[in-house]
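One structure is given below, encoded as structure tokens.
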Amino acid sequence: MSSNLAPTKEELLWMYDRMALSRAYERMMDRCYMEGKAPVFDMAKGPVPGEMHLSDGQEPCAVGVCVHLNENDYAVGSHRPHHVAIAKGVNLDEMTAEMFGRETGLSKGRGGHMHLYDQKARFACSGIVGQGIGIGVGHALAIKMQGGNGVSVAWTGEGGANQGIFHEAMNLAGLWKLPYVLVIEDNDWSVSVPKERSTAVARNSDRAAGYNAAGEYVAANDVLGVYSAAKRAVDRARAGEGPTIIEVQTHRLVGHFVGDPEIYISEEKKKARVDPLATLRERLLKDGIIDAAYVDRVDREIEERLNAAESFARSSSEPKADAALDHVFF
Ligand SMILES: Cc1ncc(C[n+]2csc(CCOP(=O)(O)OP(=O)(O)O)c2C)c(N)n1
């Protein structure tokens with residue numbers, strides 16, 4: 001790894017704003033999701049049915065990368081996709097309507113929160129763990145075949161990095177020197193399985209050597225560390241120098257899914273989790289880059305934006321029962 005690269009003030013503010021939006025989005029979705037699911041948890045009940053994986057705490061993995069992308073670049077998230085979708089600029093109204101299962105949703109209400117597809121934002125994700133790793137390489141191959149200097153980025157958890165597709169996809173990306181970046185969000189846990197019981201190497205970034213790719217490791221959920229690593233990776237990809245694996249040591253501040261009591265994590269480990277939004281806010285305040293009025297204004301704007309997205313979703317209609325198979329490929 002080379003030296004750290006400093007973000008501009010504009011980039012710092014962008015990353016802070018998106019992290020704050022992403023966190024507030026997850027808090028709103030947590031509230032909407034739990035509606036009708038208490039006191040007895042039934043995931044089919046309430047206005048947002050199905051499973052729900054929130055990304056509180058993992059925001060640096062998304063904003064520190066997407067700050068370097070433009071609307072022509074591609075992003076593929078995992079089953080825990082909201083922070084990446086928000087960082088890539090996915091339409092919030094349509095994203096929310098999708099989670100509510102409404103006709104106005106990104107996938108017309110058929111996909112739910114793990115199947116958000118926004119052609120305009122060039123964003124996709126999948127509930128199949130590891131699948132996005134291969135889709136991302138497909139995007140990278142398309143970019144290379146069409147010419148231009150676009151980049152394709154995919155995100156996976158450290159559990160997903162043990163799927164067979166990781167090897168096939170990274171091998172082709174390295175062999176063909178594709179403009180590809182794979183971000184491994186290492187939150188220590190694959191549901192309740194700790195990384196040391198699932199992964200043969202301590203650092204997933206070390207695996208890059210096996211694919212003629214570059215490897216970057218970012219410690220401590222540090223958004224500025226992700227910014228630097230991603231800048232190097234994206235520059236390398238745009239210059240035709242091939243793929244990079246970026247491993248980020250991150251933390252999820254909430255359960256694997258909403259409703260997970262997390263009995264497998266000790267209180268000590270829970271306390272050790274770093275809240276990257278609070279860390280960045282304190283740092284920007286201390287450095288005089290933002291002040292309390294700025295924080296309040298951003299929070300107010302976010303609240304208005306999210307109220308609008310929630311109202312859009314709630315006031316949209318559900319798909320008709322006889323149209324259940326429309327827009328579905330099988
Ligand atoms: C192919 C496949 N196998 C199993 C699952 C069930 N599943 C959903 S999330 C998950 C754990 C994923 O762990 P990780 O990749 O570390 O991501 P995290 O949930 O920690 O963000 C599993 C096993 C699935 N969705 N897809």
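Tabulated results
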{"read-out": "Cubic angstrom per residue, convex hull over Cα atoms of region 238-293", "value": "203"}
{"read-out": "Tail beyond 23 Å, pair distance distribution of region 95-200 (Cα, percent)", "value": "38"}
{"read-out": "Separation of the Glu103 and Glu241 label points, Cα + 7 Å toward Cβ, nm", "value": "5.2"}
{"read-out": "Cα-projected label distance for Arg297 with Val40, points at 7 Å along beta-carbon direction, nm", "value": "5.1"}
{"read-out": "Probe 1.4 Å, protein heavy atoms only - accessible area per residue of the chain in square angstrom", "value": "45"}
{"read-out": "Cα-only radius of gyration and Dmax that characterise region 28-100, units Å", "value": "14.1, 45"}
{"read-out": "Cα-based reach from Lys269 at 18 Å (exclusive), listing lysines while leaving out same-chain residues under 8 positions away", "value": "Lys195"}
{"read-out": "Kirkwood-Stokes translational diffusion coefficient of region 196-330, alpha-carbon pairs, 25 °C, 0.890 mPa s, µm²/s", "value": "124"}
{"read-out": "Mean-position separation - Cα centroids, region 48-117 and region 173-237, in angstrom", "value": "21"}
{"read-out": "Shape of the chain, Cα gyration tensor, a/c cut at 1.5", "value": "rounded"}
{"read-out": "Distance histogram in 5 Å bins (all Cα pairs of region 190-241, percent per bin)", "value": "4, 17, 18, 23, 18, 13, 5, 2"}
{"read-out": "Peptides ranked, highest mean first, by Cβ atoms within 10 Å: ranges 183-196, 200-213, 31-44", "value": "183-196, 200-213, 31-44"}
{"read-out": "Computed over region 168-209, the ratio Rg/Rh where both radii use C-alpha atoms and Rh is Kirkwood", "value": "1.04"}
{"read-out": "Those residues of region 237-261 whose amide nitrogen sits under 20 Å from the label point placed on Glu51, 7 Å along Cα→Cβ", "value": "251-261"}
{"read-out": "Isotropic mean projected area of the C-alpha convex hull, region 60-140 (nm²)", "value": "4.8"}
{"read-out": "The chain - percent of accessible surface contributed by carbon and sulfur, probe 1.4 Å", "value": "53"}
{"read-out": "Spatially proximal aspartates and glutamates relative to Lys9 (Cα-Cα < 18 Å; intrachain offsets below 8 disregarded)", "value": "Asp17, Asp222, Glu282, Asp287, Asp291"}
{"read-out": "Per-peptide average of other Cβ atoms within 10 Å, ordering 20-29, 65-74 highest first", "value": "20-29, 65-74"}
{"read-out": "Sequence-distant aspartates and glutamates (8 or more away, or on other chains) whose Cα lies within less than 15 Å of Lys108", "value": "Asp93, Glu94, Glu98, Asp118, Glu318, Asp322, Asp326"}
{"read-out": "Share antiparallel - DSSP beta bridges, region 9-316, percent rounded to 5", "value": "10"}
{"read-out": "For region 123-281, projected area of the alpha-carbon convex hull averaged over all directions, nm²", "value": "9.7"}
{"read-out": "Ranked by how many other beta carbons lie within 10 Å on average, peptides 265-271, 283-289, 174-180 from highest", "value": "174-180, 283-289, 265-271"}
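The values are calculated or read from the model by the stated rules, or taken from the named source; none is laboratory data. Everything numeric here is computed off the predicted structure, so don't read it as measured data. A quick note on method: Cβ atoms are made from the backbone with ideal geometry, for glycine too, and the neighbour counts reach across all protein chains shown. Ligands, DNA and RNA are stripped out before the accessible areas are found, and what is left, the full protein with its side chains, is counted by its heavy atoms. Shrake-Rupley method; radii C 1.70, N 1.55, O 1.52, S 1.80 Å.
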